[in-house]
1. Can you pull out the residues in the range 129-171 that are of a type in the set (D, E, K, R), buried (at least 18 other Cβ atoms within 10 Å of the Cβ) and either over 24 Å from Thr5 (Cβ atoms) or not assigned by TED's automatic domain parsing to the domain that holds Leu96 (or both)?
2. Going by what's in this entry, would Arg111 be described as in a helix (DSSP H, G or I), touching a helix residue (DSSP H, G or I) at 6+ places or on another chain (Cβ under 7 Å), crowded, with 17+ Cβ neighbours inside 10 Å and outside the structural domain of Leu15 (by TED's automatic domain parsing)?
3. Kindly establish whether Val75 is surrounded by fewer than 17 Cβ atoms within 10 Å (Cβ to Cβ), out of contact with any Cys (no Cβ under 7 Å at 6 or more places or on another chain), within 29 Å of Asp48 (Cα to Cα) and not charged (D, E, K, R).
4. Among the residues of the range 12-55, which ones are part of a helix (DSSP H, G or I), in contact (Cβ under 8 Å) with a residue 24 or more places away in the chain and more than 10 Å from His80 (Cβ to Cβ)?
5. Could you pull out the residue among Arg74, Arg84 that is out of contact with any Lys or Arg (no Cβ under 7 Å at 6 or more places or on another chain) and not in a helix (DSSP H, G or I)?
6. Surrounded by fewer than 16 Cβ atoms within 10 Å (Cβ to Cβ) and among the acidic types (Asp, Glu): which single residue out of Glu17, Glu69, Glu8 fits that description?
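The values are calculated or read from the model by the stated rules, or taken from the named source; none is laboratory data. These numbers were taken from a predicted model, which means no experiment stands behind them. Counting neighbours? That spans all protein chains shown, and the Cβs are built from the backbone with ideal geometry, glycine included.
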Amino acid sequence: MRALTPIEARVLATLMEKARTVPDSYPLSLNALLLGCNQKTSRDPVTDITEAQAQAAVDALKARSLVFEGSSSRVPRFEHNFQRGFGVTEPQAVVLGLLMLRGPLTPGELRTNSERWYKFADIASVEDALAGLKARGEDSGTALVAQLPRAAGMREQRWLHLLCGDGALAGLSPAQFGDGASNPEAEPISLGQAERLEQRLQALESQVGQLQSQLAHLQQELGLSQA
């Protein structure tokens, strides 16, 4: 399954949220869905999605059977099919929905923010859901969540969803990612990451060598002494 776009993720997660928090108003009309996507609270980042963008995202999600349109109303109303579409449990769906709406969160923050969605018995229950998602990604080769290094001053490590692809990791600022270099408890990098870093280092060393050679040649031509 291809990665979601950020707007598709916001639309899908908003439907997931409203299905649990305002069931009397669910399924949602396009206008209600748009208001939910762009609300100023419980969202990170806050968005300014247009009606056309929301409709395009709904159409794309319908094509993937992740959203259905109700047929019992004159005004089109939409509902999600996230759990069946991704084959996850209710606790796992709640975790992913919150991460899509609120950005990286710790297990404790996930439990606190899930009060209106789902009653986790304790933080261990949240961690079990995260572990299940992580294990599933390792088994299938398509990661659903990733654990970030522990940020300075935080006891828990944060998690983020990868339903929009691995680009979510690249988009994090150093402050968001945490100071892994100074944190001895941070998770080690993978072998693949180490190999890529080594290749990059070698390329940089080669470039530095070429620049030094060019500088020495230029100094010789200008009759300048080398420091």
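1. Arg150
2. Yes; evaluated as a whole, the condition is true for this residue.
3. Criteria met by Val75.
4. Arg20, Thr21, Leu30, Leu33, Cys37, Gln53, Ala54, Gln55
5. Arg74
6. After applying the criteria, what remains is Glu69.
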